[in-house]
Structures are given as structure tokens and as C-alpha cells.
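Reading through the C-alpha cells given below for one structure.
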Amino acid sequence: MSEHELPWDKLAEECGIFGIVGHEEAARLAYLGLYALQHRGQESAGIACSDGRKLYLHQGMGYVADVFDEDSLNTLTGSSAIGHVRYSTAGESQLTNAQPILIDCWRGQIALAHNGNLVNAAQLRRELERDGAIFHTTSDSEVVLHLVSRSKRRTLLEALIEALRLVQGAYSLLVQTPEYLLVARDPHGFRPLCIGRVDGRYVFASETCALDLIDAEYVRDVAPGEVIWVQDDTLEFCFPLPKEKPAFCIFEHIYFSRPDSLVFGRTVNTSRRLLGKLLAREHPAVADVVVPVPDSGVTAGIGFSEESGLPLEFGLIRNHYVGRTFIEPKQSIRNFGVKVKLNPIREILVGKRVVLVDDSIVRGTTSRKIVQIIRQAGAREIHVRITSPPIVGPCHYGIDTPTKRELIGANKSAEEIREFIGADSLGYLSLESLRQAVEDGDRFCTACFTDRYPTEVGAVQRQKELFGRSLVGISGVEPVAAVETSR
Ligand code: SF4
């Protein structure tokens, strides 16, 4: 028998972050917050907690429920905490890359939790290493800590702002010190981050589903380009970064976020249902039944069913208790990777003309296997309907995507893809309808569907210019803008 990585041809979620300030049950609420955000990363989980003098850290590989127990939570004493669940989009899957990353530098202890991906991290890292920096992880997030530590700015807030002016790409950040919490979101606002209140204390989370679990009330989103300072029940904010056009990740509404979350000011459920309705209008099918691919296709499947008048049936059942790897018997089983996760219900499918609703096609290999198992279960016709346009380019902002060469949408026409996956018909939602479904589509990044990226990717000229001199003591960075207060 051998152990295999289970092939699952989806874009992979990025990371989830959670923070709470000045609450007597900080670590336990952070643990629950991470529990609610588990869908955003299953490789590792960690919490850093402050008792006002010192930071304590516990982290491990695997699910939140496996990493933490009563004993480990008891070691996380203090009233402020940040937590992180990780999927490795940059850096290998290993414990040293788990977050929060905790360092001890001349500024004292600093813990960092990052969701997103820095597009110029490699260049920055090379420059820092040439300047003598020793990195402990292969994660892009550590670059921010090195920049902060090397900054000559007086306060950590100023140093963080200076660092953020050098990095490019996607970041929703929580930075915990023994005394206070700093929060930042990149000027494009790629990844979500919201603010809540529980028992009069501030909470921060990637998605509002984490607020719901701990009975916190949603206050607002952290705005793109906003930097926040929080201590006890005091929150101050400023906008010290250059303003950019918003580029919220549209995939959060198509697939990544939970449908019960409010993301970028709109419930994911509303967007996803509308995706299904618009898809039914654009690509109707003469069929008997709508079958969603669970879980992400379910809400859109309901929308498709409502619009088309076709009944919705759960003809595929998902096994939720599957890890990333699996031991396969020596004698290989056809479509094993997909079968472990999805099983068809024959009596729903046999003799039927099926509309199969899914959120995306990445390489096409999983879609092909799903079509095969539905056909084997007796379906007469299979009409695949996708709630997004073809993916034609990789994501550089924190989503794990294969290379352009591997993306079927970048290399084949819709008809060729239909043939490859073995469907009777195939319909992709148009970009126009996708933008309509999320409301005010101009606010969103759609780069993986258009190949037009909102930032420079790879080589970043501005950083090259700056690296004409040493990173230490870079001039031309203004001091922190006047701090407005929310009080
Ligand atoms: S490229 Fe695609 S996945 Fe990446 S941030 Fe933009 S919309 Fe999201």
C-alpha cells in the first residue's frame, strides 16, 4: 500500500486570521474563531497570546481541533491573542512555516499572522539576505518582520508602515506585541478582514462566520490601506499607504468564503445564489434535475434551480472527513481521489438528464472524473454549468493556482474542454454576469479570468529603485500620518 496526495482540482484556499484584544478568554475565543475559519487552511494552526508583558505561542500541523487541547490552551495566558490557520501558498508545508511567526528583536517580542501573498517577497528577501538577514522560514510573511526589525523608525507602528510601503501584493495582517495589536490591510484590499465587538472588546477576523461563533457583533471591514492600533478597548486608525484602486478577490464570493459570511460588505450566499440564477439565464439546459457539486456548488445550484424551475437534488454526497493524503490499495481503483470525496446517489441520477453545477474548472481532471462517476451511476446526459469564466492565469495574491500551462481554460477552447471532461454540454458564466452577481464588480480583482493583474507581478520596479541602496534607513518614507481616532 502507498500513501498518495489526494488530487482535488480546485484552487486552494489561502489562510484565515483572527485577533482579539483585552478579553479574559482571549485564547479560547481565538481557538473558536480559527475553528470557524478552518475552511481557509488545514495545514497548520497557531495562536500567540499576550499577558501584557510576554507573548506565548502554540502551533502545530493539522486541524485546529488536533493542534489545541485543554492543556495547550491553558499555556496561552493573557487577554490578547492572534491566531492563524494556514494553507501554504508561499513556502513549504512544514511546522517552521506555521503562523503566527514569533520573533524577539530589539523592539521586543512581535508575533505576526498574515493572509495573502507578497508579490515582491522574493526580491525583498534576496536584498535582506545580502544585507545579512537570516530567515527562519520559507514563508513570504517573514519578510515583513525583517523589514520592521531593521527599520530605524522610533515606534513599531511607524516601522510597520515603512515596511508596508515596501511590500507589494496581498496582505491582511495582525501584529501582536505584549502591549497592543496592530492590524493592516493592503491598499487593494485583496483579502477580507473585518472588525467585530464582543463584551465591549475588539475582534478581527477574515470572515464574519468567526464573529458569529463567539457571539461578536460585526462593526465594519478594515478598509483597504488602513492601519489600526488597538489596546484594551481603544482603537485608532490611519491611512498612511498610497491609495490604490480596490481589487477585492472575486473568488472569495465564488468559492473560498463560507456562504454564511459577509465578505466585502455583501453576503456570500446572496452572490452565490445570483451566480446560479445568472448562469441558468445564460446557459439554460433541457434537463430533468440540477445536481450541485458539494459543497461550493450547492448555493449556486439552488439559484440555478430557482431560475430554471428544474428540481434540485443532492445526487453527489461529499465525505467531509478526508485529509490531504490517503493510503490506496495496491490494486488501483479508478477515479479513486474523487471517489474518496464524492459518492453518487444512483436512484437520483439513473436515466436523468443532469445539470451539474460547479464553481470552477482548474486543470479539468477532477471535472472529468466527476462526469465519469455520474455517468457510471446511470445519468443519460450531463450538462456541466460553471459559475465563473474560464481560469486563464495564475493568482499571485495568496491563492494556490497551477501554472498557466496546467490551466485548461488558458489552453483549450470551451468546446475542447467539454470534450475533455466528457460532458454533453458545457457553459461558463460570463465575466459580465460574474461582476453583476457580486454587485459593483469594478471593486473586484478578476485577474485569473482576464490575465490583467492589478499590481506588477514578479519584478517590481519601485523596489528595484529602492534597492539601489541598502534597505536599512531607506529615505523618502514619510512619517506616520496623523492618527485619526474612532473614539
Ligand atoms: S487573481 Fe483570482 S484568485 Fe487571485 S486575487 Fe484575483 S480574483 Fe482572487
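The values are calculated or read from the model by the stated rules, or taken from the named source; none is laboratory data. These figures come from a predicted structure and were not determined experimentally. Here the Cβ positions follow ideal geometry from the backbone for every residue, glycine too, while neighbour counts run over all protein chains shown. Remember, those area values only see protein heavy atoms, side chains included, never the ligands or the DNA or RNA. Shrake-Rupley method; radii C 1.70, N 1.55, O 1.52, S 1.80 Å.
Scanning for something more than 28 Å from Leu426 (Cβ to Cβ), surrounded by 22 or more Cβ atoms within 10 Å (Cβ to Cβ) and within 14 Å of the ligand (Cβ to nearest atom), does region 264-280 turn up at least one residue?
Yes: region 264-280 contains one or more residues that are more than 28 Å from Leu426 (Cβ to Cβ), surrounded by 22 or more Cβ atoms within 10 Å (Cβ to Cβ) and within 14 Å of the ligand (Cβ to nearest atom).
Here are some conditions: (1) within 24 Å of Asn117 (Cα to Cα); (2) within 16 Å of the ligand (Cβ to nearest atom); (3) out of contact with any Asp or Glu (no Cβ under 6 Å at 6 or more places or on another chain); (4) of a type outside the set (Lys, Arg). Pro259 meets all but one. Which one does it not meet?
The number of the failed condition is (2).
Quick one: what pairs do we get from region 95-124, first residue basic (Lys, Arg), second part of a helix (DSSP H, G or I), C-beta under 9 Å, 6+ apart or different chains?
If the second residue must be part of a helix (DSSP H, G or I), the pairs left are Arg107/Val148; Arg107/Ser149; Arg107/Leu156; Arg107/Ala159.
If a residue must be of a type in the set (Lys, Arg), under 26 Å from the mean Cα position of the chain (by Cα) and away from the ligand (no atom under 16 Å from the Cβ), how many such residues does region 370-412 contain?
2
Sort out which residues of region 442-458 are outside any helix (DSSP H, G or I) and more than 9 Å from the ligand (Cβ to nearest atom), and write them in order of number.
Asp451, Arg452, Thr455, Glu456, Val457, Gly458
Which one of these does Val148 not meet: (1) within 24 Å of the chain's Cα centre (by Cα); (2) open to solvent by less than 40 Å² (accessible area, probe 1.4 Å)?
Only one criterion is unmet by Val148, namely (1).
Yes or no, residue by residue, for (1) surrounded by fewer than 22 Cβ atoms within 10 Å (Cβ to Cβ); (2) in contact with a Pro (Cβ under 9 Å, 6 or more places away or on another chain); (3) not basic (Lys, Arg):
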position: Pro311; (1), (2), (3): yes, no, yes
position: Ile317; (1), (2), (3): yes, yes, yes
position: Tyr321; (1), (2), (3): yes, no, yes
position: Ile333; (1), (2), (3): yes, no, yes
position: Val357; (1), (2), (3): no, yes, yes
position: Val362; (1), (2), (3): yes, yes, yes
position: Ser367; (1), (2), (3): no, no, yes
position: Val384; (1), (2), (3): no, no, yes
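Could you go through region 200-207 and let me know if any residue there is hydroxyl-bearing (Ser, Thr, Tyr), within 16 Å of the ligand (Cβ to nearest atom) and part of a loop (DSSP other than H, G, I, E, B).
Looking through region 200-207, at least one residue is hydroxyl-bearing (Ser, Thr, Tyr), within 16 Å of the ligand (Cβ to nearest atom) and part of a loop (DSSP other than H, G, I, E, B).
What are the residues in region 232-263 that are hydrophobic (A, V, I, L, M, F, W, C) and surrounded by fewer than 22 Cβ atoms within 10 Å (Cβ to Cβ), if any?
Those that are hydrophobic (A, V, I, L, M, F, W, C) and surrounded by fewer than 22 Cβ atoms within 10 Å (Cβ to Cβ): Leu235, Phe237, Cys238, Phe239, Leu241, Leu262.
Checking Phe135 against (1) open to solvent by 10 Å² or more (accessible area, probe 1.4 Å); (2) under 23 Å from Val227 (Cβ atoms), which test does it fail?
Only one criterion is unmet by Phe135, namely (2).
Quick one: Ile374 ticks every box in (1) buried (at least 20 other Cβ atoms within 10 Å of the Cβ); (2) at pLDDT below 95 except a single one, so which number is it?
Answer for Ile374: the failing condition is (2).
Considering only region 151-165, state which residues are open to solvent by 10 Å² or more (accessible area, probe 1.4 Å) and either within 16 Å of the ligand (Cβ to nearest atom) or closer than 16 Å to His188 by Cα (or both).
Arg165
Restricted to region 414-431, and to residues that are under 29 Å from the mean Cα position of the chain (by Cα) and among the small types (Gly, Ala, Ser), which residue is least open to solvent (accessible area, probe 1.4 Å)?
Residue satisfying both the conditions and the ranking: Gly427.
What pairs come out if I take residues in region 172-199 that are on the phi > 0 side of the Ramachandran plot and pair them with residues that are part of a loop (DSSP other than H, G, I, E, B) and within 16 Å of the ligand (Cβ to nearest atom) whose C-beta lies under 8 Å away, six or more apart or interchain?
Gly189/Pro224; Gly189/Pro246; Gly189/Ala247; Gly189/Phe264
Where the second residue is open to solvent by 80 Å² or more (accessible area, probe 1.4 Å) and of a type outside the set (Val, Ile, Thr) and the first is over 11 Å from Val290 (Cα atoms) and lies in region 307-319, which pairs have Cβ atoms under 6 Å and are six or more apart or on separate chains?
Ile317/Asn343
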